[in-house]
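For reference, the structure is listed below as C-alpha cells.
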Amino acid sequence: MFIAHLPSGYLMSIALLERIKHLPVPASMVILAGMLGALAPDFDLSYFYLVDQRQTHHHRYVTHWPLLWLVLAAVSAVWLRCSRESRGAVLALVFCLGSLLHIVLDSFVGDIWWLAPFVDRPYALFTVPALVQPWWLNFMIHWSFAVELAICGWALLVRRRRVPKALRRA
C-alpha cells in the first residue's frame, strides 16, 4: 500500500466512533490516534533510508511485525479494562488497531513476515510483478492500486458526509 494507509486509519476510527458511543476522549483525538497508528509501521522508513541504506526490506523491521502490534494492543486492552475512563488507554488501543490495519493492508501485495520473529518467511496475498522502472511504478500500474483508490474515495465520501456543508466551503 502506498496511499491508502492514512484514509484507512480514518475509516477505522470513524467505524469505532459509530459503534462505541461513550468514550472518555474527544472524537478528534480518536481519529488522530487511528490515523497516526495507520502510518506508524512506516515510521521505520527514515531508518531504512538514512541508516540502513536500503539494505534490508523495511517490512522485516520490528515495526512491521504483527506480533509487536498484537502485544501492544493486548497491553492497551488490559490497561483499558483496568481503567475504563483512561484516555491514554483508549488512544493507545486505537493507535495499535490502526497499526494492525496497516500490516493487514500491506499484506495485500507486500511481503509481511506474519510469524516473525519465529519464522523467517514473508506472506502476501498477491504479487506485483516487476515490469518497469522505477520499482514503485509497478505498484501504480497493478490492479491492486484500484483498491487503494477505492479506499481513498470511500474515506472522502465518509468525510464529506460527516462535515456540515457550511464548513466545506470554508
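Things to note:
- Where Ser107 falls short, out of the listed (1) within 30 Å of Ala146 (Cβ to Cβ); (2) at pLDDT below 95; (3) of a type in the set (Ser, Thr, Tyr): (2)
- Within the option set Val163, Val71, being surrounded by fewer than 14 Cβ atoms within 10 Å (Cβ to Cβ) and modelled with pLDDT under 95 holds for one residue only, Val163.
- Any hit, the range 107-125, residues being of a type outside the set (A, V, I, L, M), in contact with a Phe, Trp or Tyr (Cβ under 9 Å, 6 or more places away or on another chain) and part of a helix (DSSP H, G or I): yes
- Of all residues in the range 78-96, those being touching a Pro at 6+ places or on another chain (Cβ under 6 Å) and in a helix (DSSP H, G or I) number 1.
- Those residues of the range 1-46 which are within 17 Å of Arg162 (Cα to Cα) and among the hydroxyl-bearing types (Ser, Thr, Tyr), in sequence order: Ser8, Tyr10, Ser13, Ser28
- Qualifying residue in the range 73-83 (condition: touching a residue at least 24 places away in the same chain (Cβ under 8 Å) and closer than 21 Å to Ser8 by Cα): yes
- Qualifying positions in the range 138-154 - in contact with a Pro (Cβ under 9 Å, 6 or more places away or on another chain) and farther than 12 Å from Pro7 by Cβ: Asn138, His142
- Residue tally, condition in contact with a Leu (Cβ under 9 Å, 6 or more places away or on another chain) and among the charged types (D, E, K, R), over the range 96-138: 1
- Residue in the range 47-68 that is modelled with pLDDT of 95 or more, hydrophobic (A, V, I, L, M, F, W, C), part of a helix (DSSP H, G or I) and surrounded by 14 or more Cβ atoms within 10 Å (Cβ to Cβ) present: yes
- Between Val132, Val147, Val104, Val158, the distinction of being surrounded by 10 or more Cβ atoms within 10 Å (Cβ to Cβ), outside any helix (DSSP H, G or I) and of a type in the set (A, V, I, L, M, F, W, C) belongs to Val132 only.
- For first residues located in the range 22-39 and in contact (Cβ under 8 Å) with a residue 60 or more places away in the chain, partners that are of a type in the set (Val, Ile, Thr) and assigned to a helix (DSSP H, G or I) and lie 6+ apart or on another chain with Cβ distances below 6 Å form the pairs Leu23/Val90; Val25/Val90; Val30/Val94; Ala33/Val94; Gly34/Val94.
- Residue within the range 68-79 that is under 17 Å from Gly98 (Cβ atoms), in contact with an Asp or Glu (Cβ under 9 Å, 6 or more places away or on another chain) and hydroxyl-bearing (Ser, Thr, Tyr) present: no
The values are calculated or read from the model by the stated rules, or taken from the named source; none is laboratory data. The model shown is predicted, which means the values in this text are computed figures rather than measured ones. Counting neighbours? That spans all protein chains shown, and the Cβs are built from the backbone with ideal geometry, glycine included.
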